[in-house]
Amino acid sequence: MKTTRDFPLDFIRAAAAVSVIAVHFFLNSGFYDVPANSLPRAGIFLRTQFMVCVPLFLLLTGYLQRSKTWNRSYYRGLGSLLLTYVLASVLCGVFRAAFLGGTWSPVQWLQEILSFSLAPYGWYIELYIGLFLLVPFLNTAWNALPSRRVKLLLVLTTVFLSIFPSLNTISLYFGWQAIPERWAALYPVAYYFTGCYLRESLPKIRWPLLLLVDVLAVLAGGSLHIIQAGEEPFGFFPITYWNGILTYCATLCVFLLLKKGTFSHFPHLLKKGVSLIASLSLPIFLLSWIPDQIAYTTLGSAIPQVADRLPWICVTVPFVLVCSVVMAWLLNKVQTLLRATFQKWLPKKPSLEGHARNDRQS
């Protein structure tokens with residue numbers, strides 16, 4: 001039976017995947033290695049906007065996985081996740097060994113797979129595995145709460161513990177810490193519970209207000225980044241990181257804008273392309289490192305000045321996206337073939353009808 005896909009959710013997932021590739025433009029083009037005041041202001045604001053990439057994935061996980069419970073079929077999904085990761089890691093290892101002077105050592109490859117470093121973007125799998133394992137238990141806690149108000153209180157509590165500490169970036173300029181920081185690493189859970197809440201109670205906020213809040217959050221984050229960095233290289237800044245309060249606000253706005261969007265006028269072919277990117281978003285994320293090496297090595301040679309590279313984001317991001325989609329599609333085919341082969345090797349379970357027939361004969 002053919003399942004009907006929710007296109008707005010596909011669009012959100014595809015937007016998150018494209019945002020990942022766009023953020024990696026700034027990572028790989030030398031943007032973080034030069035003084036912030038020598039960079040184009042537009043690039044700083046664009047980078048701030050694209051930082052919604054990983055939070056969108058986490059929020060979408062809560063939105064879609066809210067009803068998952070502890071059972072064997074749920075944990076089988078971890079095998080599919082790990083297979084995707086291992087295959088993508090091997091491809092990255094082959095590319096590195098063949099073209100970047102890396103090693104062909106299987107032992108080292110295994111060590112790097114286990115440390116989530118053979119695929120340089122494999123850190124996301126390390127993060128996501130933890131959330132995957134917690135999902136049934138997070139859902140148990142969520143569904144046990146008696147009312148929408150208490151559920152909102154849980155969301156606000158996790159946001160306060162993990163997102164609000166980014167405000168210390170501002171308060172520390174005055175010599176004091178405003179909010180406890182020990183739970184800042186809890187931000188994936190905060191986004192997860194936010195997604196759970198949005199699934200049950202989508203707020204009725206008009207799109208102009210959502211767009212305005214998103215623009216203000218991006219402008220504020222980019223401006224603070226410029227002030228904070230100054231003559232220093234463009235570096236880590238908590239308030240615009242994934243657990244930053246401004247990134248959290250921008251993520252909410254982007255999610256709601258896309259979820260409430262009407263896409264009836266979209267051409268059928270474009271919808272198919274978006275859905276394809278959405279369905280392959282994880283391997284696209286992992287494999288985009290390979291075309292990144294090609295695109296940004298070429299860009300660095302052709303455009304020596306980092307400040308002059310920003311316009312080329314319109315070329316490098318589509319190039320990396322297309323290459324990543326093709327590789328992810330091929331990897332998905334290999335993964336399907338491996339699954340089918342593995343299932344043939346497994347002993348077939350006797351059916352209930354066979355048991356009943358044997359009982360009658362005996």
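Here is a check on your reading of the model: is residue 219 under 30 Å from residue 336 (Cα atoms), surrounded by fewer than 20 Cβ atoms within 10 Å (Cβ to Cβ), at pLDDT 90 or above and not polar (S, T, N, Q)? Reasoning before the result, please.
On the way: under 30 Å from residue 336 (Cα atoms): no; surrounded by fewer than 20 Cβ atoms within 10 Å (Cβ to Cβ): yes; at pLDDT 90 or above: yes; not polar (S, T, N, Q): yes.
When the stated conditions are applied, residue 219 does not pass them.
Which of the residues belonging to segment 20-47 are closer than 26 Å to residue 261 by Cβ and open to solvent by 10 Å² or more (accessible area, probe 1.4 Å)? It would help to see each step written out before you state the result.
Filtering segment 20-47 for residues closer than 26 Å to residue 261 by Cβ gives 20-25, 42, 45-47.
Selection gives 23, 24, 42, 45, 46, 47.
If the requirement is being touching a Cys at 6+ places or on another chain (Cβ under 9 Å), touching a residue at least 24 places away in the same chain (Cβ under 8 Å) and either farther than 28 Å from residue 143 by Cα or assigned to a helix (DSSP H, G or I) (or both), which of these qualifies: 254, 218, 274, 213? Steps first, please.
Working: 254 fails: touching a Cys at 6+ places or on another chain (Cβ under 9 Å); 218 fails: touching a Cys at 6+ places or on another chain (Cβ under 9 Å); 274 fails: touching a Cys at 6+ places or on another chain (Cβ under 9 Å).
Residue meeting the stated conditions: 213.
Could you list, in sequence order, all residues of segment 142-156 that are under 12 Å from residue 194 (Cβ atoms) and either in contact with a helix residue (DSSP H, G or I) (Cβ under 9 Å, 6 or more places away or on another chain) or among the acidic types (Asp, Glu) (or both)?
142, 151, 152, 154, 155
Out of all the residues in segment 142-166, which are touching a residue at least 12 places away in the same chain (Cβ under 8 Å), open to solvent by less than 80 Å² (accessible area, probe 1.4 Å) and closer than 23 Å to residue 203 by Cβ?
142, 151, 152, 154, 155, 158, 159, 161, 162, 163, 164, 166
In segment 186-211, which residue that is surrounded by 12 or more Cβ atoms within 10 Å (Cβ to Cβ) and of a type in the set (A, V, I, L, M) is farthest from residue 251 (Cα to Cα)?
Restricting to residues being surrounded by 12 or more Cβ atoms within 10 Å (Cβ to Cβ) and of a type in the set (A, V, I, L, M), the top hit is 186.
Can you confirm whether residue 87 is touching a residue at least 12 places away in the same chain (Cβ under 8 Å), open to solvent by less than 60 Å² (accessible area, probe 1.4 Å) and of a type in the set (A, V, I, L, M)? Steps first, please.
On the way: touching a residue at least 12 places away in the same chain (Cβ under 8 Å): yes; open to solvent by less than 60 Å² (accessible area, probe 1.4 Å): yes; of a type in the set (A, V, I, L, M): yes.
Yes: the conditions hold for residue 87.
Here is a check on your reading of the model: is residue 66 surrounded by 13 or more Cβ atoms within 10 Å (Cβ to Cβ) and among the basic types (Lys, Arg)?
yes
In the set 320, 325, which member is closer than 30 Å to residue 188 by Cα, of a type in the set (A, V, I, L, M, F, W, C) and in contact with a Ser or Thr (Cβ under 6 Å, 6 or more places away or on another chain)? Show your work before the answer.
On the way: 325 fails: in contact with a Ser or Thr (Cβ under 6 Å, 6 or more places away or on another chain).
Among 320, 325, only 320 is closer than 30 Å to residue 188 by Cα, of a type in the set (A, V, I, L, M, F, W, C) and in contact with a Ser or Thr (Cβ under 6 Å, 6 or more places away or on another chain).
Among all residue pairs at least 6 apart or on different chains, which show Cβ distances below 6 Å where the first residue, located in segment 116-136, is at positive phi and the second is open to solvent by 10 Å² or more (accessible area, probe 1.4 Å) and among the aromatic types (Phe, Trp, Tyr)?
Short answer, once both residue conditions are applied: 116/123.
Residue 130 - would you say it is part of a helix (DSSP H, G or I), touching an Asp or Glu at 6+ places or on another chain (Cβ under 8 Å) and either loosely packed, with under 12 Cβ neighbours inside 10 Å or not charged (D, E, K, R) (or both)? If you could, list the steps in order and put the result at the bottom.
Values: part of a helix (DSSP H, G or I): yes; touching an Asp or Glu at 6+ places or on another chain (Cβ under 8 Å): no; either loosely packed, with under 12 Cβ neighbours inside 10 Å or not charged (D, E, K, R) (or both): yes.
The answer is no for residue 130.
Between 195, 175, which is of a type in the set (Gly, Ala, Ser) and under 24 Å from residue 82 (Cβ atoms)? Working first, answer last.
On the way: 175 fails: under 24 Å from residue 82 (Cβ atoms).
Going through 195, 175 in turn, the sole match is 195.
The values are calculated or read from the model by the stated rules, or taken from the named source; none is laboratory data. All figures in this text were calculated on a predicted structure; none of them were measured in a lab. FYI the Cβ positions are ideal-geometry reconstructions off the backbone, even for glycines, and counts take in every protein chain you see. We work out accessible area using only protein heavy atoms, side chains counted, and drop any ligands, DNA or RNA first. Shrake-Rupley method; radii C 1.70, N 1.55, O 1.52, S 1.80 Å.
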